[in-house]
1. Please calculate how many Å² of accessible area the range 170-226 carries per residue, with a 1.4 Å probe and no DNA, RNA or ligand atoms counted.
2. Would you please report the Å³ per residue occupied by the convex hull of the alpha carbon atoms in the range 160-223?
3. Using a 1.4 angstrom probe on heavy atoms only, work out the carbon and sulfur share of the accessible area of the range 124-264 in %.
4. How much of residue 138 can a 1.4 Å solvent probe reach, expressed as accessible area in Å² and rounded to 10?
5. Can you list residues from other chains, or at least 5 along the same chain, whose modelled amide H is less than 5 Å from the amide H of residue 224?
6. Scaled to the compact-protein estimate 2.2 N^0.38 Å, what is the alpha-carbon radius of gyration of the range 27-67, rounded to two decimal places?
7. Give me the one-decimal nm value for the distance between modelled label points at residue 39 and residue 198, 7 Å along each residue's Cα-to-Cβ direction.
8. For the chain: lysine pairs with Cα atoms under 22 Å, gap of 8 or more or different chains, count?
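The values are calculated or read from the model by the stated rules, or taken from the named source; none is laboratory data. What you are looking at is a predicted structure, and each value in this text was computed from that prediction instead of being measured. Here the Cβ positions follow ideal geometry from the backbone for every residue, glycine too, while neighbour counts run over all protein chains shown. With ligands, DNA and RNA removed, areas are computed over all heavy atoms of the protein, side chains included. Shrake-Rupley method; radii C 1.70, N 1.55, O 1.52, S 1.80 Å.
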Amino acid sequence: MSQGNTQPNLSFDQEAAAVLMARWVVFRAESEEYSNSLNWLDKTLIRLMQRFAEYQKDNPASFRLPPNISLFPQFMYYLRRSHVVQIFNNSPDETTYKRYLLMKENTANSMIMIQPALEAFNLTTIADAANPSRPALLSATSIQHDAILLLDTFFEVVVHHGKQIADWRNQGYHNQPEFEHLKRLLEAPKEYSQGILKGRFPQPRYIECDQHSSQARFLLALVDPDVTHQQGLYGPPGGAQAVITEDVSLSVFMDFLKKLTVQG
């Protein structure tokens, strides 16, 4: 088994390292082309994997990472797609504002900018009044017809209603006494979001949207597109929504990373 020269120290903090990389790439982006900054990020990640990963040369299936650095490639994947790196569809002022906050905030808040937090609410989770939501994967597979998602990007708080939930709300079922559970489901994300809005400065932008609506782009632009338009416009059975994008999914990104690492 071939491996890098050094094993990461047990005290290595991969979240702090991800924030450091984010600030570094943002600093470089101020003085060089956008594509050059991304290339530097990719090359740095590959060198890091070659140093710390265990693998057999030319055998991607043998690629292994120590537990305390195992999430770092995932953080870099979401960093490449984040608001602080991507400049498409953002004004220069907006980009500068978001990058300024990245440089100023602590590690926990900066990690939300890098990999936004996603919470899922459904008729099952709200049965627990003390904890009415569950953490969800930042993935297109988490977008379900019968669930409400709350996305926290630090800059925006997005409440996304699945198609079925939106249909029930539009038909007014939540106003009928026998559908009190639906009313609780609709109110739970709003209460959750209020805790974020009141406790954060600058206050995030609050957005409510429905599945397949134009505002849903705030969610679709950030989730892992592991369900694409090539599988059909509305994705596979079960409600997961296809994402129309040219970006690769996290699994494809990891496959390429393993391949390039073991070739080094």
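1. Working: 3340 Å² over 57 residues.
Accessible surface, normalised per residue, equals 59 Å².
2. Details: hull volume 6.3 nm³, N = 64.
Cα-based convex hull of the range 160-223, divided per residue, equals 98 Å³.
3. Working: 3850 of 7310 Å².
The computed percentage sits at 53.
4. Surface accessible to solvent at residue 138 totals approximately 10 Å².
5. Residues meeting the amide H criterion: 139, 140.
6. Details: Rg = 13.8 Å, N = 41, 2.2 N^0.38 = 9.0 Å.
Against the compact-globule rule of thumb, the ratio is 1.53.
7. Those two pseudo-labels are separated by 5.1 nm.
8. Taking the Cα cut-off of 22 Å, the pair count is 10.
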